[in-house]
1. For a quick check: with amide H placed at 1.01 Å from N, whose amide H comes under 5 Å from LYS189's, ignoring anything fewer than 5 positions away on the same chain?
2. Give me, ordered by chain and number, the residues 5 or more places off PHE102 or on other chains with an amide H under 5 Å from its own placed amide H.
3. Classify the chain as rounded, prolate or oblate from the Cα gyration tensor: take a ≥ b ≥ c as the square roots of its eigenvalues, call it rounded if a/c is under 1.5, otherwise prolate when a/b beats b/c and oblate if not.
4. With every protein chain in place, what's the accessible area of LEU182 (1.4 Å probe, Å², nearest 10)?
5. With label points built 7 Å along Cα→Cβ from the Cα atoms of GLU185 and ILE147, find their separation and express it in nm.
6. Dividing the convex hull volume of the alpha carbon atoms of region 147-282 by its residue count, what do you get in Å³ per residue?
7. What is the packing order of peptides 4-12, 118-126, taking the mean over residues of other C-beta atoms within 10 Å and listing the highest first?
8. Would you mind counting up the charge near LEU336? Only other residues with Cβ under 14 Å from its Cβ, with Lys and Arg at +1 and Asp and Glu at -1.
Amino acid sequence: MIRIKDIAKEANVSEGTVDRVLHNRGGVSSKTEAKIRKILERRNYSINPVASALAMKNKYNVAVLIPEYEDTDLFWKSPYLGILKASDEVKNIGIHVNYFKFNQYDPASYLKSFETLLETEPAAVIFAPMFLNETKKITTQLEAISIPYMFLNIDIEGFNNLTYIGQDSYTSGYIAGKLMLLGMEKDSKILIIQSREHAGDNTAISKRIQGFNSFFKDNHTEIESITLKIEDLNNTSKTEQNIKDCLASNDSISGIFIPSSRTAVIVDCLNGNNGFKIIGFDNTPQNVERLKHDDISFLISQKPFEQGYESIRLMSDYLLKSKVPNDKVYLPIDILIKENVVYNDMNQLMFENAISED
């Protein structure tokens, strides 16, 4: 009888990699997947439906609903990889994880993916509550059929979620304000660029802005902040013009605060005219590259890989041990500069290297 262990040995990969290919869970390079599938076909390997059904009696299905990522916005790749790593670790203790992704700018996509998710009859759900009204519909359905759920990355009050795991967004914004004030003249102005189309639904961004403004209010500074809302960052020419017009009419601006992961996009729209102190969020590859070249002064990391990883571990403990997590699980707030950014998120880097080698 051919086992997963045998397939892994022949393909020179881990058993977890073979398992991900068998169950279409992603996280495997196309070259490695093709090699494994060729071996599976040649060895006439198939999943035993009887054995699979027996095994499932002792398993919990956990469904994860998160935004999809793309080359221009890679933030959600990190939580996905963290979830993938934890999924490999908990599968042997009875936890099976299914992934469902949606367009973070499309509420209809969010609901459609959730409906597909429900068809798997999950024991629990972990998701990023991206849209407020749609989240109310989702949680109402989950509560009606007694499915526990956890919020990932975005914290919304007034729901019955087991916990929220992510950053203390208000405090991270407050820290950004403290960093911005360093070395700034008293009569300076700060530009806050709100760069997400549905920012009104994203409480993480709004809480960062609240925390940022609260710092200046608490410290009785005379520094004025100006907010520029940009609806579509993909429209580069319009974004450039909006920023140019704003800076032209406010010549005292010396700092720019971007409470989202799209900081590099804003920097590029400045076309090299960067005499500003710029503070943004998240160590996406694009942001890190600008940070290394001093185009960004500080990045604040919310440990997205760890968010994904810990969400699976917490839910596993709840399902297997009835261990109820704290109402909120806050991860460290890391302040990144060009000198220390290469050491951040080493766990993710090692995991990515491992699956790429597979």
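The values are calculated or read from the model by the stated rules, or taken from the named source; none is laboratory data. Just so it is clear, the model here is predicted, and its values are computed rather than measured. Don't worry about glycine lacking a Cβ; one is built from the backbone with ideal geometry, like all the others, and counts go over all protein chains shown. We work out accessible area using only protein heavy atoms, side chains counted, and drop any ligands, DNA or RNA first. Shrake-Rupley method; radii C 1.70, N 1.55, O 1.52, S 1.80 Å.
1. Close amide H contacts, sequence-distant or interchain: ILE253, SER254, GLY255.
2. ILE66, GLU68
3. It comes out prolate by the Cα gyration axes.
4. Approximately 110 Å² for this residue.
5. So the two model labels end up 5.7 nm from each other.
6. 112 Å³
7. Most protected by this proxy first, the peptides run 118-126, 4-12.
8. That sum, taken over residues with Cβ under 14 Å, equals -3.
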